[in-house]
Amino acid sequence: MKWYADRLPVAVRQIVTDLCVVLWIYLWIRAALWVHSTVLKLGVPGAKLQSAGTSIADNLADVGGKVGRVPVVGDQLTRPFTGASDAARSLADAGRQQQELVSTVALLIAFTVVVLPLTLVVLGWLPLRLRWMRRAGVASRVREQAAGRDLLALRALTRRPLNELTRLGPDIAQSWRDGDPDAVDALAALELRSLGLRAARR
């Protein structure tokens, strides 16, 4: 597998494209983290509600415990404090639940923000990049072999546009059929050039 082309303009274009893709991914990850952090701030009121409810409940429970020590009427005096303490704990639970909801929503939104751009990369850019790397790797291995040059020439005849083939000469196909080494080399070089690779030296 070959990472980059031999020809400088193609290699520079590939490197710039790869860097742009990496930057694209980085920026969207940063955006997702920012969105996650921003949405989490919506849970601050819930945290304050939980803290206040817990504090009030603890204080009421403490007061109720002290009032309960009063002889004869202690149990009756404790009931209002117990009820108020339970209500305060309900408020604390509501604050905790609100924080959990905000945390879940923040995670889902951040995931959505980052997954769509990454899907474009995985389904769009990556298959094309891997396809070029595979084709260029095979072509670079066979270009030094005589049989490999024949295969590259045949591939050029079957895949390259007609206007590119006719630039090599009006009888390029016949020359290839006759086994003309110059025609084979020209066609092989054409195929290699389309991949950004240099032709093999004879």
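The values are calculated or read from the model by the stated rules, or taken from the named source; none is laboratory data. Since the structure is predicted, the reported quantities are computational estimates derived from the model, not experimental observations. Here Cβ is always computed from backbone atoms with ideal geometry, including for glycine, and neighbour counts include all displayed protein chains.
Structure notes:
- Yes/no for A186 being in contact with a His (Cβ under 7 Å, 6 or more places away or on another chain) and either in contact (Cβ under 8 Å) with a residue 12 or more places away in the chain or hydrophobic (A, V, I, L, M, F, W, C) (or both): no
Residue-wise test of (1) over 30 Å from V35 (Cα atoms); (2) in a helix (DSSP H, G or I); (3) charged (D, E, K, R); (4) within 29 Å of the chain's Cα centre (by Cα).
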residue: R141; (1), (2), (3), (4): yes, yes, yes, no
residue: E144; (1), (2), (3), (4): yes, no, yes, no
residue: R149; (1), (2), (3), (4): yes, yes, yes, no
residue: L192; (1), (2), (3), (4): yes, yes, no, no
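- Any hit, the stretch 69-78, residues being in contact with a Ser or Thr (Cβ under 8 Å, 6 or more places away or on another chain) and modelled with pLDDT under 80: no
- Remark: pairs (first residue in the stretch 39-66, closer than 10 Å to Q99 by Cα and at pLDDT 75 or above; second residue surrounded by 14 or more Cβ atoms within 10 Å (Cβ to Cβ) and of a type in the set (G, A, S); Cβ separation under 7 Å; 6+ apart in sequence or on different chains) = L40/S103; L40/A106; G43/S103.
- With respect to (1) under 26 Å from Y4 (Cβ atoms); (2) assigned by TED's automatic domain parsing to the domain that holds A188, the lone exception for L162 is condition (1).
- Flag if A186 is surrounded by 14 or more Cβ atoms within 10 Å (Cβ to Cβ) and modelled with pLDDT of 85 or more: no
- Looking only at the stretch 10-37, residues that are without any contact (Cβ under 8 Å) to a residue 24 or more places away in the chain and over 21 Å from the mean Cα position of the chain (by Cα) come to 2 in all.
- Qualifying position, being touching a residue at least 24 places away in the same chain (Cβ under 8 Å), under 22 Å from Q14 (Cβ atoms), in contact with a helix residue (DSSP H, G or I) (Cβ under 7 Å, 6 or more places away or on another chain) and in the same structural domain as D6 (by TED's automatic domain parsing), among L152, L118: L118
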